[in-house]
Structures are given as structure tokens and as C-alpha cells.
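Below: the structure, in C-alpha cells.
All of the numbers you see were taken from the coordinates with simple rules; none came from a lab. All values derive from a computational prediction rather than experimental measurement. Here the Cβ positions follow ideal geometry from the backbone for every residue, glycine too, while neighbour counts run over all protein chains shown.
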Amino acid sequence: MNSTLTKSNAGFLKVAEDIFIYASYYDDRKEKLFIRNVIITISAKNFNHQLWCHFWNPTINRWKSSRLKFYETCENHLKTFAAYIGSCKIPSNVQYNHIHISNVEEANNEEMKNIIPVIQHSNKSEVKGDLAVCVPPLFGNVNSLRLLEFIEFSIILGFEHFTFYSQNVTNETLKILKIYQKEGLVTILDWPLPVQEDWIWYHGQSAAVWDCLFRNMYVFKHVAFVDIDEIIFPRYDEILPNFIDKTIKLYHEQKPEGGEICAFRFQSAYFDPLQDTIISDIFDISDNIERHLVTLNSISRKEDFSTVRTKMIVDPIKIFEIGIHHVSKPMEEHFQVENINPEIAYIHHYRKCQTNFGGRCVGRITDDHARRYRNRLLTRLKWRFYHLFKEIL
């Protein structure tokens, strides 16, 4: 376990018994300024901890303290540990490029062991791009071809950057991601859970989602939260940034009285998956790759759309908490979630249909919409294989 953190975040920092911090962020979206800390700790039913953030005041040459307030994720699922945002108001006349966190209110230099850098994206920052992707923690044996297909298709649809959280993935997966990282397309963050996997919901997914939300705030205008077996397809626009711009414009034309969109919520449809292909088994990439691609070959889907297993594209500066399938808490009451009609855009979910969460697995139709991108996808993937992946084939 780390004794300090860096802005690249190599792991979790234990700041007190059963309290682990992944990253700290400067938040100036409200009149009062805050440091938001992404935390994993005991769930609320067993929680009785108190923490303080300590800031150095150079004017009086001493530490000033601020009580940390815990806000628990809405998606704990009755597990022993949960994700939290720990918020500390920033006192006046202090430095906040680094903070210290402890379980005592009065701080002194001898006790300052937990040094945490503050990642500072603010409303004065210059937004770098339009659309990024946050992917929940990857773990175990990730199918390489599916990963490549997801990244390349997402780029075609207008995504500019991907954030991946890596938890015990294979060397092959890391090699693929690092190639994209060298090109500036991917950020890879280690995700070494500080607690047993069965003590927290699904690999600490809620904490990773929260971290990615704050990490991309004021960096990208919009951020999608999807898994690698999910692709959001607009039906009439070629790329998603155009779809988003048109949807926002139409929203303001139809609702001139006010309100702002903070998120777009997309319904999903299950597409029959293909049997996974091992990338090293593809002998002649040029001739055979197309028949192994799930997006071009899985064209039978469930007729009904899921209104529960939805996913989001959000404006990160307008969101305080995002759940896995919904916006849990916008920053302001007048921020609205726009529910997208599946006639104009929806998620292709390439996995076996599941009847939980109210799903029905009856009735199937043919849907080959993804094939309109066939030539571009094949061109990109062939280029990847020939020029970048010789070292892992």
C-alpha cells in the first residue's frame, strides 16, 4: 500500500484503518471551493470514521484543517465496502496543490505522512476535446480482438480518448493499451483494489467511475461510460459529436424556458455474441479478420430495448454522482437528463441476453446498422495489425 500518491495514481493510499484514497481533485464548480477525494471504505451501516484535510497556510506558517464529509455511492449493493466522495472545503489563504489527510483535527509537521497531490482541472482550464470514454476496471483475460474492435470502432464514431483501469490484466492486454497510450489516445491507470474483491461491488466499479468523471472534468466536453462490449450508435448521424450537438440544439429550441442537458441516457439492445477468437489464431489477417468481428457479424438482436441497462454520455462539469446506469446526482436541480429515443440512437450490447433487471429475451430482429461502417473499420484494423501488432502476434 502506498504512503504517498502521485497524479498518475499507481494505487490506493491508506489514510486510516479501512480508509483508502485513490485520487484528490480540485472542484470550483460551486461558489465555495472543495477538494473531492475518491475513497473506498466501510459502507455506511458500519461507518463511524472521522477525517480531516490539512492545508498549509504560508501567511501564518501553520496548517489549517477542514472536516472531510463522506458521501456514499448509491450502488453499494449491500457490500461491506463502498465507494465514497470525501469533500473538504478549502479554507482561505491556503495552498492546495498538495493536501494531507488524517484522523486528527490538529496537524503538525511530524504527523504529515499521507501526502496527496491535488489534480487541478478548473473552470479556467482550456477544454482539450469533445468526447472521451471511461471504461470500468478491466480484469482477467480480456479478449484482444474485442478490445481492438471496441477502440477502433469508437474512434470512427468520434471518440478522442479512452481511460482504462487495469486490474490484473494479461501482458497482451497491457501491450495493446500501451501502443494506444504512446499515441496519446489512451490513459492506463492501475486499479489494485485494497480490499478483497467480494467485499465491494464488482471490482470497485463505482469508485473508478467517480474517478474518471472528475479526471475528465474540464478536459473533455462530454464523456461516455461504457464497457468494451457496448457501442453507442447514432442512427442518422455518422459520428456521435454531431449527434450530441444536434440534440442540444433541438432541446433548447423545444424548451426555451430554460434548463440544460447534463447527460444523454441511451437504451440498449442485446446482440447475439460470437464465440471469442484468440488473436494469435488469425493466420491471415487480411483475408480472415472480417469474419471474426462481432460488430459486423452479430446482426441478430433482441427486439425490445432495455430501459434499465442504460448507459450515459455526460457533461462532467454538470454531474456530482453518476451511477452505472443513470445519473444519481446532478450539480444543479435545473440540469436535466435527456432520455434518447432508440429510433435515433441506442447501445449495441454484444452479450447473451439476460432476463434480470426486467429484461425479456423473446423476439429477435435483424439489425445490420453497424455494417455501414464496414470499410472504415476493416481499414483501421488491418493497419493496426500490420504496423503495430507484430510484437504481440
Counting only Cβ distances under 4.7 Å between cysteines, those in the chain with no partner are 74, 262
Using alpha carbons only, what's the Rg to Rh ratio of segment 30-182 with Rh from Kirkwood? 1.05
Considering only segment 13-119, what is the antiparallel percent among its DSSP beta bridges, to the nearest 5? 95 percent
Mind pulling the angle between the C-alpha long axis of helix 171-182 and the longest principal axis of the chain? Nearest 10 degrees, somewhere in 0 to 90. 80 degrees
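Charges only on Cβ, +1 for Lys and Arg, -1 for Asp and Glu: so what's the dipole of segment 128-278 about the Cα centre, in debye to the nearest 20?
On the way: 12 positive and 21 negative charges, 77 e Å.
Here segment 128-278 has a charge dipole of around 360 debye.
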Would you work out the relative contact order for segment 4-105, in percent, from Cα pairs under 8 angstrom that are 6 or more residues apart? 28 percent
For the Cα atoms of the chain, what angle does the longest principal axis make with the long axis of helix 240-254, in degrees from 0 to 90, nearest 10? 70 degrees
Any chance you could give the angle, 0 to 90 degrees and rounded to 10, that helix 374-388 forms with the longest Cα principal axis of the chain? 60 degrees
Give me 383, 210 sorted ascending by neighbouring Cβ count inside 10 Å, so fewest comes first. 383, 210
